[in-house]
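Notes follow once the structure below has been shown.
The values are calculated or read from the model by the stated rules, or taken from the named source; none is laboratory data. Note that the structure is predicted; figures quoted are calculated from it, not measured. Glycine gets a Cβ as well: all are built from the backbone with ideal geometry, and neighbour counts include every protein chain shown.
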Amino acid sequence: MKPIHLILAAIFTVLAFSSSANAYPPSKGGPSEMLSKKSDFEKLKPGDKVVIVCKASNSVTLVDIKDKNQAMQLCAEGKMIHCSDCKKDFKVVWGNPSGKTGVPSYKMSIVNAKGEPCMFMARLK
Ligand SMILES: [Zn+2]
């Protein structure tokens, strides 16, 4: 499954660049784009491809976006996402990592039972 490994490598590169700071510069058109804000999901269009990556098992699930409703369902608070490799369900939660109030910076995380982020989503370009 070489293509998946290439996709993974690209995604982890993006992750490495974006994990150090919340305010990283806008993407210059890399192979993928992290989906962490409501507006990211609202921008998804039919035909877009989203990958759900499990960091615990390095597994990737590809999702074909068919309509906007489906895109918004992907990030619904409390949604459980099953990882067949970990044999666990992870939960979609929204929080404000900056801790500041009055700032619309809510971000999605997908966490395990201990509340640790285990998965993330990205849009393939
Ligand atoms: Zn997993």
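How many residues, within the stretch 80-95, are under 14 Å from the mean Cα position of the chain (by Cα) and of a type in the set (Lys, Arg)?
Result for the stretch 80-95: 1.
Working only within the stretch 1-29, note down all residues that are surrounded by 11 or more Cβ atoms within 10 Å (Cβ to Cβ) and modelled with pLDDT under 55.
Phe17, Ser18, Ser19, Asn22, Tyr24, Ser27
Would you pick out the residues in the stretch 46-61 that are within 12 Å of the chain's Cα centre (by Cα) and without any contact (Cβ under 8 Å) to a residue 40 or more places away in the chain?
Thr61
Quick one: is Asn58 touching a helix residue (DSSP H, G or I) at 6+ places or on another chain (Cβ under 9 Å) and either at pLDDT below 70 or within 16 Å of the ligand (Cβ to nearest atom) (or both)?
Judged against the criteria, Asn58 is a match.
For the stretch 61-90, enumerate the residues that are within 16 Å of the ligand (Cβ to nearest atom), hydrophobic (A, V, I, L, M, F, W, C) and surrounded by 14 or more Cβ atoms within 10 Å (Cβ to Cβ).
Val63, Ile81, Cys83, Cys86, Phe90
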